[in-house]
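The values are calculated or read from the model by the stated rules, or taken from the named source; none is laboratory data. Bear in mind that the values here come from a model prediction, so they are computed numbers and not experimental data. Using ideal geometry, Cβ is built from the backbone for each residue, glycine included, and neighbour counts are taken over all protein chains shown.
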Amino acid sequence: MARSKRKPNPTALLDQHLRASELRFSTLLGITQTLMTIAFAWGAANLIGLALSNQADLMSPSSSVAVLLIALLIKSLAAYAQNRINLRSSVFARDRLRQAILDRCFRLGVSLFPAFKPSELANLLTLETDKLKDYFAEYQIQKKMAVYTPVLIILASAAVNWLVPLVLLLTTPLIPLFMILIGKRAAEASRNNLEALNRLGHLLEDRLANLNLLQQQDSVSYESKRLYTQSDNFRKSTMKVLRLAFLSGTLLEFFAAISVALVAVYLGLFFLDKYSIGAWSSDISFAEGAFLLMLAPEYYLPLRKMGALYHAKSNARALAERLQYLGELSDALPAENKPGAPCELTQLQCVALCSGAINPVHQLFSFTLKPG
């Protein structure tokens with residue numbers, strides 16, 4: 001029995017427009033920021049331990065201040081450079097995407113209609129493509145940092161304690177689980193929002209083209225109400241997408257706060273001598289406890305950011321599905337209509353158009369026409 005061919009991921013059509021070199025460099029800058037965050041937490045924790053116990057457990061006070069300043073400087077420079085690279089990569093990817101859409105439209109020619117209407121193409125080339133700014137500039141890099149940052153923080157915290165990394169690992173699956181559940185609803189809402197925008201564009205285009213007829217039929221007021229109703233439907237669908245985006249962000253913040261609270265409760269009870277489980281040695285200093293507590297929120301930060309950007313993924317998937325359909329129309333063209341295929345010139349002899357019986361409206365003429 002033949003195995004069914006697996007359909008490609010629609011967003012892969014968008015990802016191919018990114019420059020791999022810029023994405024790798026941006027990822028390296030993100031890893032640098034994570035390492036500087038760990039170094040900053042190490043220096044700050046040592047100063048906290050010095051203030052609480054009057055003893056520098058990890059390094060001298062002057063070394064701690066130097067680590068703080070260097071970590072802040074390098075992290076700021078890395079963040080600035082990463083932001084510039086991501087924005088430049090986003091502009092480049094959207095330009096290439098627009099060019100790809102235009103190439104397919106020119107390839108299809110009149111075969112593009114009625115599957116796509118002019119208003120739909122205008123939305124696809126302008127508004128919907130501009131919505132991909134966050135997808136190309138932030139979501140793509142954040143998807144990688146959601147893997148690298150937690151691993152680095154787990155390794156750093158494991159050097160001090162083995163139970164805190166275990167707590168972080170056990171609570172991690174809750175965040176992707178709810179991201180998937182809400183993400184499916186968000187993708188559907190984004191798809192419906194794009195359809196509502198296209199319907200509004202179709203209606204406006206049609207009514208403007210037939211405005212004279214509507215005035216003659218005294219139907220302008222009625223059609224204005226229809227346009228208002230359709231625009232209100234688009235507003236409601238847009239608000240639904242925003243509600244789901246805020247809901248996903250709230251849930252991520254909630255579960256991240258619970259996980260950080262578990263680490264704080266564990267450290268508090270440990271310092272109250274309720275138990276001594278989790279430490280590699282017999283005790284944990286105040287500096288080590290502060291170091292673990294500062295790393296806990298940073299562990300969930302990339303996951304929370306990716307959750308907040310999930311609406312960008314939903315918008316990208318909705319657009320990619322339309323782009324995939326455009327590609328299917330282009331691939332379905334006969335071979336003789338595709339660029340590069342050999343074609344024969346066809347000569348058409350035009351007959352004279354007559355008005356009434358005798359005099360031709362136009363003289364006889366001929367011209368050549370290429371297939372497609």
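Specify which of the listed residues (76, 90) is of a type in the set (Gly, Ala, Ser), modelled with pLDDT of 85 or more and crowded, with 19+ Cβ neighbours inside 10 Å.
Being of a type in the set (Gly, Ala, Ser), modelled with pLDDT of 85 or more and crowded, with 19+ Cβ neighbours inside 10 Å holds for just one of 76, 90, which is 90.
Please determine, by comparing only the residues of region 105-157 that are of a type in the set (Ser, Thr, Tyr) and in a helix (DSSP H, G or I), which one is nearest to residue 191 (Cα to Cα).
The selected residue is 129.
Residue 99: surrounded by 15 or more Cβ atoms within 10 Å (Cβ to Cβ) and over 30 Å from residue 287 (Cα atoms), yes or no?
Considered against the rule, which asks whether it is surrounded by 15 or more Cβ atoms within 10 Å (Cβ to Cβ) and over 30 Å from residue 287 (Cα atoms), residue 99 comes out as no.
Can you find a residue in region 260-274 that is more than 30 Å from the chain's Cα centre (by Cα), modelled with pLDDT under 80, loosely packed, with under 14 Cβ neighbours inside 10 Å and not β-branched (Val, Ile, Thr)?
Yes: one or more hits.
Can you tell me which residue is farthest from residue 14 (Cα to Cα) among those in region 136-179 that are among the β-branched types (Val, Ile, Thr) and at pLDDT below 85?
For region 136-179, the residue satisfying everything is 171.
Give the residues of region 147-177 that are of a type in the set (Val, Ile, Thr) and surrounded by fewer than 17 Cβ atoms within 10 Å (Cβ to Cβ), sorted by residue number.
Those that are of a type in the set (Val, Ile, Thr) and surrounded by fewer than 17 Cβ atoms within 10 Å (Cβ to Cβ): 147, 151.
Could you check region 275-292 and list, in sequence order, the residues that are in contact with a strand residue (DSSP E or B) (Cβ under 9 Å, 6 or more places away or on another chain) and either surrounded by fewer than 19 Cβ atoms within 10 Å (Cβ to Cβ) or of a type in the set (A, V, I, L, M, F, W, C) (or both)?
Within region 275-292, 278, 279, 280, 284, 292 qualify.
Filter region 245-288 for residues that are among the small types (Gly, Ala, Ser) and in contact (Cβ under 8 Å) with a residue 40 or more places away in the chain and give the result.
If the condition is that a residue be among the small types (Gly, Ala, Ser) and in contact (Cβ under 8 Å) with a residue 40 or more places away in the chain, then 245, 248, 249, 256, 259, 278, 279, 285, 287 are the ones that fit.
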